[in-house]
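These notes are about the structure you will find just below.
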Amino acid sequence: MPESEENIINLIIRRFQDEGLPEEFITFYRELFYHRLVFKKSFNISRPLFPPDSIQESISTGIPILVRLNIEPDSSSFGEQFRKILPVLQRVPEISHNLTGVLLKCEETISNPQTFQRWLKECEIPDIPDGIKSETWNLLLDEVFNPVLESYCDVLLPEIDQEKWRRGYCPICGGFPDLAVLDKENGSRWLICRRCNAHWRFQRIECPYCHCTDQKSLSYYTDDSGLYRLYTCDQCKGYLKAVDERVSQGETVIPLERIRTLSLDMQARDLGYRTGNEVTPDRRPYKQAPSTCG
């Protein structure tokens, strides 16, 4: 893996350039990634904040670490981050049009400490301002709040015993995966959290959203190269994208693969499948999911 997140950003930009993508596309993601990284680094998370007993209890009970512990990031920084990323996001005409007249309300809501707590602990999209689409609001919350969770994840993920967490949601923040990786060594499936980027091992033949193990309901599609997969579940109608590292010619860079596989999201929706957040009635997965710890 690249030695630093700055290297990851540079690698992504170089690959975009090599693929001949439009300069405005490259500039958009370069600036968005930069703002996220700077914001993430502003949180100086210390390992002693998390007693080992609390971490182990979270693992044994299935309650994500950050949900169980009462973390309270400085909410004033949320409004500052919103103002920094806003000029970048407004380059997308649909987003810019949707935010007209609601910017102040958006900033006030994002800066409210309760918004972050509900987003984290309830896994829901809280307090959508009138006149804004849920997709736009969810994007804003992700761009502001995800870097916060990533900063905690960097400290906490090494403490997770991967053999004791085989659940369909994140051990750090409770988020659902939006991507999976089949590793080079033996094809084990690792889920990637859509919120904090944590990774954890999961069963190959099981839906992470509804826990279906019926092979008649579980399928996957591959592209011509075999590099990308689209896992689907006909019981809950959920889908999950995946990268097969056994086929890949280089390192797997998660932010890059999320962008490269956007066409898979569209294909899945065309087939009638939805993300984990959309197909799970109770947005708090740890409240309903059975333990599958080994």
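The values are calculated or read from the model by the stated rules, or taken from the named source; none is laboratory data. The shown structure was predicted, so the numbers you read here are calculated from the model rather than taken from an experiment. Positions of Cβ are generated from backbone atoms using ideal geometry, with glycine treated the same way; all protein chains shown enter the neighbour counts.
With the structure loaded, tell me whether residue 23 is farther than 20 Å from residue 87 by Cα and of a type in the set (Asp, Glu) or whether it fails that test. When the stated conditions are applied, residue 23 does not pass them.
Scanning region 133-149 finds one or more residues that are in the same structural domain as residue 50 (by TED's automatic domain parsing), assigned to a loop (DSSP other than H, G, I, E, B), surrounded by fewer than 19 Cβ atoms within 10 Å (Cβ to Cβ) and at pLDDT below 95. Are any of the residues in region 110-124 crowded, with 16+ Cβ neighbours inside 10 Å, in contact with a Lys or Arg (Cβ under 6 Å, 6 or more places away or on another chain) and outside the structural domain of residue 173 (by TED's automatic domain parsing)? Scanning region 110-124 turns up at least one residue that is crowded, with 16+ Cβ neighbours inside 10 Å, in contact with a Lys or Arg (Cβ under 6 Å, 6 or more places away or on another chain) and outside the structural domain of residue 173 (by TED's automatic domain parsing). For region 70-109, filtered to residues that are hydroxyl-bearing (Ser, Thr, Tyr) and surrounded by fewer than 17 Cβ atoms within 10 Å (Cβ to Cβ), the residue that is nearest to residue 58 (Cα to Cα) is 75. Condition check for residue 163 on (1) at pLDDT below 95; (2) surrounded by 24 or more Cβ atoms within 10 Å (Cβ to Cβ): one failure, at (2). Applying the condition of being in a loop (DSSP other than H, G, I, E, B) and of a type outside the set (Val, Ile, Thr) to region 77-115 and asking which residue is farthest from residue 128 (Cα to Cα) yields 91.
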